[in-house]
Amino acid sequence: MSRFAVYCDWTITVLKCLDGEPPPLVQFQLEENPIEFQKAGIEPSCEVNKFYGDLLAEVERSRLKERRKELYRKFKTNVVCAHVAFEEIRSSTGRVLKLRRSFALINKALEAMTDLKEYDDRHPVHWFEVFPTQDVRSQLSPEELWYHFKLESIRVCLVFLVRLLRLALPECREMWNECEESLTVDVWIRQFILDSPRAREVKFPEIDFSSPPGEAGQHI
């Protein structure tokens, strides 16, 4: 199963490496040679903005608490800006350091989603925040509806992150391919865990590049 906290951990680790810190593992060695900034396969920022704009419109029309709306806006803004930052790399090749701004903005987006997850844990969403009237029926609880909404929002962000990781760490291409596949299969929601990287009780495992995150019964 894939864990949100591990993607957050990877992002922070890459930023530290870009800032000159030694990699925590030999496998996490950033590419030193010039890389190709392949735009193929990366969603254009205008399409990403449209996707998140539609979702944000739903959030704004809802009766969700203002703090949830505020954090979702922050998440959306940083994901879109991360795509814009990647598009602003005009050269076709260059040093991996040119990806730092995109990684930094993705990190801010993940931090906003972590804040939202932790807020939701402290203040569970109520039925009146997601249903227009008490008479509306749904097979899912308010918590489940909001949780699925957040996961669908996270997926586009994480797919982009994985594609950046593939550029920055091409030696681990097979691992990133498996990560992307795990985020795009139909059953991905059942295989994904939205956990907090700040939880004190969570102990992150070492990054195992031999085990795909989408395999049943296995964790990254």
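The values are calculated or read from the model by the stated rules, or taken from the named source; none is laboratory data. Bear in mind that the values here come from a model prediction, so they are computed numbers and not experimental data. All Cβ positions, even for glycine, are placed from backbone atoms using ideal geometry, and neighbour counts span all protein chains on display. These area figures cover heavy atoms from the full protein model, side chains too; ligands, DNA and RNA do not enter into them. Shrake-Rupley method; radii C 1.70, N 1.55, O 1.52, S 1.80 Å.
Some observations on this one:
- For Rg and Dmax of the Cα atoms in Å, calculated from these coordinates, the label among [x] 18.0, 64; [y] 16.7, 52; [z] 17.9, 61: [z]
- Relative packing of peptides 82-94, 181-193 - highest average C-beta neighbours within 10 Å first: 82-94, 181-193
- Each peptide among 166-178, 115-127 gets the average number of other Cβ atoms lying within 10 Å of its residues, and from highest to lowest they stand as 166-178, 115-127.
- Based on Cα contacts under 8 Å between residues 6+ apart, the chain shows a relative contact order of 33 percent.
- With a threshold of 18 Å on the Cα-Cα distance, the over-threshold entries among K16/K39; K74/K98; K39/K108; K108/K150; K76/K98; K39/K150 are K16/K39; K74/K98; K39/K108; K76/K98; K39/K150.
- Distant-in-sequence amide contacts of R3, defined by a placed amide H-H separation under 5 Å and a gap of 5 or more residues or a different chain, comprise I193, I220.
- Solvent-accessible area of the chain (1.4 angstrom probe, protein heavy atoms only): carbon and sulfur portion equals 50 percent.
- The chain - accessible surface per residue (Å², probe 1.4 Å): 53
- Length-normalised contact order for segment 85-179 - Cα pairs under 8 Å, 6+ apart - percent: 26
- HN-Hα J in Hz across segment 43-54 - Karplus 6.51, -1.76, 1.60, θ = phi - 60°, x for Gly and Pro: 4, x, 4, 5, 6, 5, 5, 5, 4, 6, x, 5
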